[in-house]
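Structure record follows, encoded as structure tokens.
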Amino acid sequence: MSNEIAKCDDAKRYAQIVLDIQTRALDSAYDYEIPLQLAGGVQVGCSVLVEFANRPALGYVVGLSGETAQGLDVSRIKPVRELLSSPLFEASSVELAFWISREYLAPLSDSIRLFTPPGGTAKLKKDTSGTWTMVHPQAGPVDDRWVYLNKTADEYKPPKNAMKQRAIIETLRFGEMRVQDLALSIENPAPSLQALERHGVVTIEHRQRVRGRREVGTRTQAIDHLTPGQKQALETVNEVLDSLSEERRGTASCCPATLLLDGVTGSGKTEVYLQAISRVLDEGGSACVLVPEISLTPQTVSRFRSRFGEEVAVLHSRLSAGERFDQWELVRSGKARVVVGARSALFAPLKDLRLIVIDEEHESTYKQGSKVRYVSRDVAIKRAELCGAAVILGSATPSLESLHAAGLCSTDEGLAQKQDACPVPLPGTSRSFIPVVLPERVSGRPLPPVEVVDLAAEFHAGNRTMYSYSLRTALLETMERGEKAVLLLNKRGFVSVLLCRDCGYVPTCEQCDTSLTLHKHPAHLLCHYCDGHTPVPSVCPECGSPYLRQLGPGTQYAADQLTEILPPNATLVRMDADTTRLKDGHEKRLEEFAATRSGVLLGTQMIAKGLDFSDVTLVGVLLADVALKFPDFRASERTWQLLEQVAGRAGRAEKDGRVIVQTYWPEHVAIQAAARHDRSMLLAAEYTERAALRYPPFGRLANILVWGKEDKEVREQASRIAEKLRPLLPDAAELLGPSPCVVSKRQGLYRWHVLIKAPPRSDLPGWLGPLLKQVKPMPGVSMVADIDPQDML
């Protein structure tokens, strides 16, 4: 949108309003007249009541103007009926929402909702007096009544029989109290409080309660002794922030920069973030910090709150709706100027945003998988462009796309030049990256040595457990020294598959095209896609055979075997989606592991990155091959990233670390690259393959998903899309499919897809969006275009 839309003054008679109606058909704002009684109150970001198609509708103001769109009959313009809220977002958020809608082919209303308060989709509600209000069904502010003594309290003499009034006055001499707490010691204080308030003895006021707020621990100071890499990184960050400050003062012009902080595990990236944010806060700005896993949030929040105290707000999905609303409100009010959280934190209403940090930027969880399917990294870069902010992308294992954009692409210069690989802006943005390398650990110690164990050789040697002789010995030695170990197995449950050895039957989910996972404690078969569950059969349901084989051990199975290995005094903490399901589950597991003198943390990928325990000296990967056979062109990259990240949990302080990786594929390049801490091995193989197949970063992808209850109709719709698009695509684009998705049925819906490949810097959504509008979906069949997908399962 243009800057003209974002401006507001008393001469603006018309409001441009996005209706809160979820459809791609309404992909623009509509003009409404601002009545005189609402003049001055209607601002960009406000929610309003309007009429659309002869029905009341909720809308968001995205612009103000003195005239209507060209050629529009003024007499037909409807007025804004009511103002429902103060501004919920600012003008730059409006422009970002329009960009998101276009870039990811999402309904405009859904893109606007990203910036509105948490607590469910807003609804209109009409009270008994006929007044309309906007409500969030899951959350809203909660007020507490507080009471305190006025200065005139000493002059007041309560009546002789007013015992409660005397008790209230004496209690409040110790300080103000919530009325609710006062009622715990004085029964039914309300009448007496009202009498005291009438006499001016006490004041009763409403204050918004912040749900879930926790006490801030001991404040810490910035670390003075930085490594050379940290000093260089901060110098680069400060240079960027200096240039942005000069631009705000009007003494210079510059393009906001994106820095790729490429630091080995344990190199002190977080301290760089903290000191950069400290500068931003000192200058009156604000900052946003994204983490990929909720499991990382407790440790990250602890470090940030110990440095910045109450100025830190937290936003992620494990908070209750009320807690998220209160944290969002703290940000909007300006009481919190640092936001830490998952994807949604990117849209917090921060004022004067000057820095966005994306930690572990390579993680696929930064891709939103439903509704608005945005890529957090790219949206962050765009928001920074609009706000004049800097972006820091941090990782020990950056994505190939980010390495590509930073020029840290391949050791083979010929390949890089041939493919025009280094550096280039990311799709949808105008930025290439500034690389900043942290090559050494803060402790000064080297990265831990990695031992690769061939599980096939272990089996041939007679080992029938999932723990190799080497790992078993290392675990016992670690426990004897009173140290800790981290074990990774990226499969939860007891076993992945039950197999009948007589007829080959495998229990599968009726709603999804996937096998059921066996869980114990209690015993049941569970679908990890729809959470459907069924009892464990004692015999094969097909042939009645009692010979059911358990295949593909998960974390529950690994924990059962581990208890037989560990000494009785060793603590075992299991951390996966099952043990962290409840609120604060991640935090409680991590606190339990931190508190134990000697123990093992066994878990899925949520333990592989970001966690910093100085007394962990052993890391074991029970099965490194889990993701290598996935039908995904990123399988090798993600396996290497996971292994390199989890290896970095060992030896982060004074004591040396050790890593043992168990695999059936020891010669695979991802395994070898992680074992040698040599990224160039992986890059050489991946760049050659991706360049030949035109996969990112050498191409852009769009995955058009089609789903419905009837397989025949879904298949027909997917075929129509392919037939319609194939002759209309640009010459450099390629269409593959249609074909069933890898998971061809999920939650009772059949799934097909069409894949489109385009040149790396092409405006893929710009030409694909209009083409898709020409394809009408069949009744009962849905479709969506996933731009820049992170998986195609």
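Per-structure values
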read-out	value
Restraint check, Lys123/Lys371; Lys126/Lys776; Lys371/Lys776; Lys382/Lys629, Cα-Cα greater than 27 Å	Lys126/Lys776; Lys382/Lys629
Nitroxide proxy distance, nm - points 7 Å out along Cα→Cβ at Ser680 and Ser370	4.5 nm
Cα centroid separation, the range 16-48 to the range 320-389 (Å)	24 Å
Length gained when the stretch Ala183-Asp224 is fully extended (0.36 nm per residue, less Cα-Cα span)	9.7 nm
With eigenvalues of the C-alpha gyration tensor scaled by 5 and rooted, the range 494-626, Å	32, 16, 13
Computed accessible area, Phe459, all protein chains, 1.4 angstrom probe, square angstrom	100 Å²
Over the range 63-187, relative contact order from alpha-carbon pairs under 8 Å, at least 6 apart, %	16 percent
Accessible surface ranking that places the most exposed of Ser364, Ser109 first, with a 1.4 angstrom probe	Ser364, Ser109
Volume per residue that the Cα convex hull of the range 549-596 spans, once the total is divided by residue count, Å³	80 Å³
Antiparallel DSSP beta bridges within the chain, as percent of all bridges there, nearest 5	55 percent
Charge sum, other residues only, whose C-beta stays under 14 Å from Leu566's C-beta, Lys/Arg counted +1 and Asp/Glu -1	0
Gyration tensor (alpha-carbon) shape descriptor, the range 262-379, a/c threshold 1.5	rounded
Calculated FRET value between Tyr148 and Glu67, using beta carbons and R₀ = 56 Å, to 0.05	0.60
Partner lysines for Lys588 [C-alpha distance under 22 Å; skip if fewer than 8 residues away on the same chain]	Lys484, Lys491, Lys520, Lys609
Rg over Rh, two decimals, the range 158-210 (C-alpha only, Kirkwood Rh)	0.95
20 Å Cα-Cα reach of Lys151 towards aspartates and glutamates, excluding residues that sit fewer than 8 places from it in its own chain	Glu170, Glu176, Glu197, Glu205
Listed values [x] -0.72, -0.84; [y] -0.80, -0.93; [z] -0.62, -0.80, entry calculated as log10 I(q)/I(0) by the Debye sum over Cα atoms at q = 0.07, 0.08 Å⁻¹	[z]
Average Cα contact separation per residue, the chain, under 8 Å, 6 or more apart, as relative contact order %	10 percent
Radius of gyration and Dmax over the Cα atoms of the range 21-101, both given in Å	12.7, 34
Computed lengthening from Asp127 to Arg445, 0.36 nm per intervening residue step minus Cα-Cα distance	107.8 nm
MRE, 222 nm, helices only [DSSP H, n ≥ 4, -39500 (n - 2.57), over the chain, to nearest 500]	-9000 deg cm²/dmol
Pairwise label distance in nanometres, Glu480 with Asp242, each label 7 Å out on the Cα-Cβ vector	5.6 nm
His225, His533, ranked by accessible area, largest first (probe 1.4 Å)	His225, His533
Cα-based reach from Lys655 at 20 Å (exclusive), listing aspartates and glutamates while leaving out same-chain residues under 8 positions away	Glu440, Glu451, Glu477, Glu480, Glu483, Asp612, Asp615, Glu644
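The values are calculated or read from the model by the stated rules, or taken from the named source; none is laboratory data. Everything numeric in this text was worked out from a predicted model, so none of it was measured. Neighbour counts are summed over all protein chains in view; Cβ atoms, including those assigned to glycine, are modelled from backbone coordinates with ideal geometry. Only protein heavy atoms, including side chains, enter the accessible area calculation; ligands, DNA and RNA are left aside. Shrake-Rupley method; radii C 1.70, N 1.55, O 1.52, S 1.80 Å.
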